[in-house]
Amino acid sequence: MRKAAPGAASRADTTVLAFDFGTRRIGVAVGDLGTRLAHPLATIERGSERERFDAIAALVAQWQPARLVVGLPVHADGAPHETTVRAERFGRQLAGRTGLPVDYADERLTTISAAASLDEAGVKGRQARVVRDRVAAQLILQGWLDER
């Protein structure tokens, strides 16, 4: 394994994974604190809680992030709702299972924006559904990075 130059940040110091939590699918994106760019990474399909967290553990092992970001769904006026509570619980589970710090980011309209972007790019139907959640995670993470 190559060592980083003195003073240079390692990948683990700058990598962030973000999650667009959903009860059917969890979109995942990866970003970098140095470049401040986010990229869609994966979609974890519905399965048992253990299967979902095993898939997340594999991504955490592969990417070795410094922190995690969870999209926090709220109503248009910012008020929490049932899914807000579920996303917060998911974030606490991530923190407990990975030992990594978890931040929350406003995810209002990210899935709608992701769907519109994919439609504009000509990605439709089943193909769009497969990638929509990871693109939503990318938008969540990019917004989080832009705020820093």
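The values are calculated or read from the model by the stated rules, or taken from the named source; none is laboratory data. Everything numeric here is computed off the predicted structure, so don't read it as measured data. All Cβ positions, glycine included, derive from the backbone under ideal geometry; neighbour counts span all protein chains shown.
Side notes on the structure shown:
- All positions within segment 35-64 that are closer than 18 Å to VAL135 by Cα and basic (Lys, Arg): ARG36, ARG46
- If only residues of segment 7-33 that are exposed (fewer than 14 other Cβ atoms within 10 Å of the Cβ) and more than 19 Å from ALA66 (Cα to Cα) are counted, the one that is modelled with the highest pLDDT is ARG24.
- Checked against the criterion of being in a loop (DSSP other than H, G, I, E, B), of a type in the set (Asp, Glu) and farther than 17 Å from ALA18 by Cβ, segment 71-78 has at least one qualifying residue.
- Test: residue in segment 43-53 that is out of contact with any helix residue (DSSP H, G or I) (no Cβ under 7 Å at 6 or more places or on another chain), modelled with pLDDT of 90 or more and basic (Lys, Arg): yes
- Look at segment 84-101: where a residue is without any contact (Cβ under 8 Å) to a residue 60 or more places away in the chain and a partner is of a type in the set (Lys, Arg), sitting 6+ places away or on another chain with Cβ atoms under 9 Å, you get LEU100/ARG67; PRO101/ARG67.
- Taken over segment 17-55, the residue count meeting the criterion of being closer than 13 Å to THR98 by Cα, touching a residue at least 40 places away in the same chain (Cβ under 8 Å) and either part of a strand (DSSP E or B) or not aromatic (Phe, Trp, Tyr) (or both) is 1.
- Whichever residue in segment 34-54 is closer than 13 Å to LEU17 by Cα and surrounded by fewer than 18 Cβ atoms within 10 Å (Cβ to Cβ) and, among such residues, is nearest to the chain's Cα centre (by Cα): HIS39
- Subset of segment 82-108 that is part of a loop (DSSP other than H, G, I, E, B) and surrounded by 14 or more Cβ atoms within 10 Å (Cβ to Cβ) - its residue that is modelled with the highest pLDDT: LEU100
- Applying the condition of being of a type in the set (A, V, I, L, M, F, W, C) and loosely packed, with under 12 Cβ neighbours inside 10 Å to segment 59-81 and asking which residue is farthest from ARG92 (Cα to Cα) yields ALA76.
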